[in-house]
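Student: One structure coming up, written as structure tokens, with questions to follow.
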Amino acid sequence: MALERTALNEDIVTRILSKQYGINFVSMQKLNLGSANCFRVYDGNQYYFLKEFQSSFSENAVVQEAKLLEYLSVAGIPTTRFYKTLNNEFVFNYQNHIICLEEYIEGQAYGYDDLPLELLPQVGKMLGRLHQALKDYPLPIDMSDKWLASFSPENMIAQYDALIKIAESKVDDKNTNQIIDDLQYKKQLAIRCEEYKRYYNGITYCSTHGDYQGCQLIFEKGEIKAVIDFSSASCLPVAWEIMRSFVQSSHNCRTNAIIDTTAFCEYVRQYMRFSPLTKTDMVAIPYVYLFQLARSKYGYPQYLNSDSEDKERLLQFAFWRTKMCREVEAKADMISNELLKLLENKDN
């Protein structure tokens, strides 16, 4: 859902497309995608993808994404492309909003929880191809040593205690008991996270999509036609990007908070067809994911401290994340062991 109300309408789009690109606008359709305002625009001959970013978004970030897509296209990764303005720019500014025009990719898109199970291996394979293509491409490092050292179980516990106190004052709220139970669990998990930090030692970092998952892919006849939306691209632990992308793409994970270990191992096996993983990576995969997931309290304060009409949805997302924490923690050793077997079988 877009974070800000759009500054565009049909008259404005007609004017700016003509001025910036020399395109004669015919019609437009608002698309319910992501945090930006997105439109499918038609000029009587072809469709375009018009994106209006929220006012705080960095112009430099969009330009860097456009350059990254050019690089990936040369490397053989199917992506969209940015059209340049008549002034040879990737973006332009309208009322303090960065706007860009991209190629519109026709095909089958899926939502957050409806990707068919049989397509999951393809998602893993494309991530391996993507990491191989980007292994020498410089991007800012996220989840750095400095970031890791800043983690404090005591600070996390204090934040959860403050939320528990607020929840305890809402005795008539139907969600209070589950909120308190979740936050008590996450307090204990915060203590264990101090130990999980060690799994970051020696793991592989790689430039990557940053928000890779099934809903960021366009399919055609059961094959991936394009990877879209590289606005979150950065250098991240491959362990994080692999497991997060599987969890975010798997219907069973998104709907039931259950990890099918066999399906996940196949996902990783497909990834390794194009990009290598080390023994250290394999052991770390569930723990790196758990550490990051455990640190987030997102959804609980939004529900407890506001009257937003969206707060119930945000709370359900928080409940789901905590269920995933419990699921990953319960299966972490098994997942690591199965991944190590996968690596051994590959080497033999």
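Student: Of the residues 218, 224, 228, 258, which single one is within 30 Å of residue 153 (Cβ to Cβ) and either open to solvent by 30 Å² or more (accessible area, probe 1.4 Å) or not aromatic (Phe, Trp, Tyr) (or both)?
Tutor: Of the residues listed, the single one that is within 30 Å of residue 153 (Cβ to Cβ) and either open to solvent by 30 Å² or more (accessible area, probe 1.4 Å) or not aromatic (Phe, Trp, Tyr) (or both) is 258.
Student: Within the range 175-205, track down each residue that is part of a loop (DSSP other than H, G, I, E, B) and within 20 Å of residue 247 (Cβ to Cβ).
Tutor: 203, 204
Student: Every residue in the range 81-91 that is modelled with pLDDT of 95 or more and either touching a strand residue (DSSP E or B) at 6+ places or on another chain (Cβ under 8 Å) or under 14 Å from residue 231 (Cα atoms) (or both), please.
Tutor: Of everything in the range 81-91, those that are modelled with pLDDT of 95 or more and either touching a strand residue (DSSP E or B) at 6+ places or on another chain (Cβ under 8 Å) or under 14 Å from residue 231 (Cα atoms) (or both) turn out to be 82, 83, 85, 90, 91.
Student: In addition: Of all residues in the range 79-91, which are assigned to a loop (DSSP other than H, G, I, E, B), surrounded by 18 or more Cβ atoms within 10 Å (Cβ to Cβ) and not polar (S, T, N, Q)?
Tutor: 90, 91
Student: Exactly one of (1) open to solvent by 20 Å² or more (accessible area, probe 1.4 Å); (2) modelled with pLDDT of 95 or more; (3) part of a loop (DSSP other than H, G, I, E, B); (4) of a type outside the set (Val, Ile, Thr) is unmet by residue 277. Its number?
Tutor: (1)
Student: Follow-up question, since we're still on this one. Sort out which residues of the range 207-238 are among the charged types (D, E, K, R) and either over 17 Å from residue 102 (Cβ atoms) or without any contact (Cβ under 8 Å) to a residue 60 or more places away in the chain (or both), and write them in order of number.
Tutor: 211, 220, 221, 223
Student: If a residue has to be surrounded by fewer than 14 Cβ atoms within 10 Å (Cβ to Cβ) and without any contact (Cβ under 8 Å) to a residue 24 or more places away in the chain to count, how many in the range 31-44 make the cut?
Tutor: Looking only at that region, the number is 1.
Student: Another one. Among the residues of the range 13-23, are any at negative phi, in a strand (DSSP E or B) and touching a helix residue (DSSP H, G or I) at 6+ places or on another chain (Cβ under 8 Å)?
Tutor: no
Student: Is it the case that residue 172 is open to solvent by 40 Å² or more (accessible area, probe 1.4 Å), out of contact with any Ser or Thr (no Cβ under 9 Å at 6 or more places or on another chain) and assigned to a helix (DSSP H, G or I)?
Tutor: The answer is no for residue 172.
Student: Restricting attention to the range 148-169, which residues are open to solvent by less than 60 Å² (accessible area, probe 1.4 Å) and farther than 22 Å from residue 318 by Cβ?
Tutor: 148, the sole residue that qualifies.
Student: Is at least one residue of the range 299-319 free of Cβ contacts under 8 Å to residues at least 60 places away in the same chain and either in contact with a Cys (Cβ under 9 Å, 6 or more places away or on another chain) or within 30 Å of residue 132 (Cα to Cα) (or both)?
Tutor: Checking the range 299-319: not a single residue is free of Cβ contacts under 8 Å to residues at least 60 places away in the same chain and either in contact with a Cys (Cβ under 9 Å, 6 or more places away or on another chain) or within 30 Å of residue 132 (Cα to Cα) (or both).
Student: Please verify whether the range 97-115 includes one or more residues that are part of a loop (DSSP other than H, G, I, E, B), open to solvent by 50 Å² or more (accessible area, probe 1.4 Å), among the hydroxyl-bearing types (Ser, Thr, Tyr) and closer than 29 Å to residue 21 by Cβ.
Tutor: Taking every residue of the range 97-115 in turn, at least one turns out to be part of a loop (DSSP other than H, G, I, E, B), open to solvent by 50 Å² or more (accessible area, probe 1.4 Å), among the hydroxyl-bearing types (Ser, Thr, Tyr) and closer than 29 Å to residue 21 by Cβ.
Student: The conditions are (1) farther than 24 Å from residue 220 by Cβ; (2) of a type in the set (D, E, K, R); (3) in contact (Cβ under 8 Å) with a residue 12 or more places away in the chain, and residue 11 fails exactly one of them. Which is it?
Tutor: Only one criterion is unmet by residue 11, namely (3).
Student: Follow-up. Identify, by number, the condition in (1) without any contact (Cβ under 8 Å) to a residue 12 or more places away in the chain; (2) out of contact with any Cys (no Cβ under 9 Å at 6 or more places or on another chain) that residue 260 doesn't meet.
Tutor: (2)
Student: Starting from the range 175-198, keep only residues that are more than 19 Å from residue 291 (Cβ to Cβ), then list their pairs with residues that are open to solvent by 80 Å² or more (accessible area, probe 1.4 Å) and in a helix (DSSP H, G or I) whose Cβ atoms are within a distance under 8 Å, requiring at least 6 positions of separation or different chains.
Tutor: Listed by first residue and then by second, the contacts come to 176/168; 180/168.
Student: Go through the range 127-147 residue by residue and tally those that are of a type outside the set (S, T, N, Q), open to solvent by less than 80 Å² (accessible area, probe 1.4 Å) and in a helix (DSSP H, G or I).
Tutor: 8
Student: Under 6 Å between Cβ atoms, at least 6 apart or on separate chains: pull out the pairs that start in the range 53-67 with a residue that is on the phi < 0 side of the Ramachandran plot and of a type outside the set (Asp, Glu) and end on any residue that is open to solvent by less than 30 Å² (accessible area, probe 1.4 Å) and part of a loop (DSSP other than H, G, I, E, B).
Tutor: Taking only residues 6 or more apart or on different chains, the pairs are 53/36; 62/91; 63/90; 66/90.
Student: Here is a further query. Can residue 15 be described as under 21 Å from residue 138 (Cα atoms) and open to solvent by 30 Å² or more (accessible area, probe 1.4 Å)?
Tutor: No, not satisfied.
The values are calculated or read from the model by the stated rules, or taken from the named source; none is laboratory data. The structure displayed is predicted, hence computed values, not measured ones. Here the Cβ is made from the backbone with ideal geometry for all residues, glycine too, and neighbour counts use every protein chain on show. Calculation scope for accessible area: heavy atoms of the full protein, side chains included, ligands and nucleic acids excluded. Shrake-Rupley method; radii C 1.70, N 1.55, O 1.52, S 1.80 Å.
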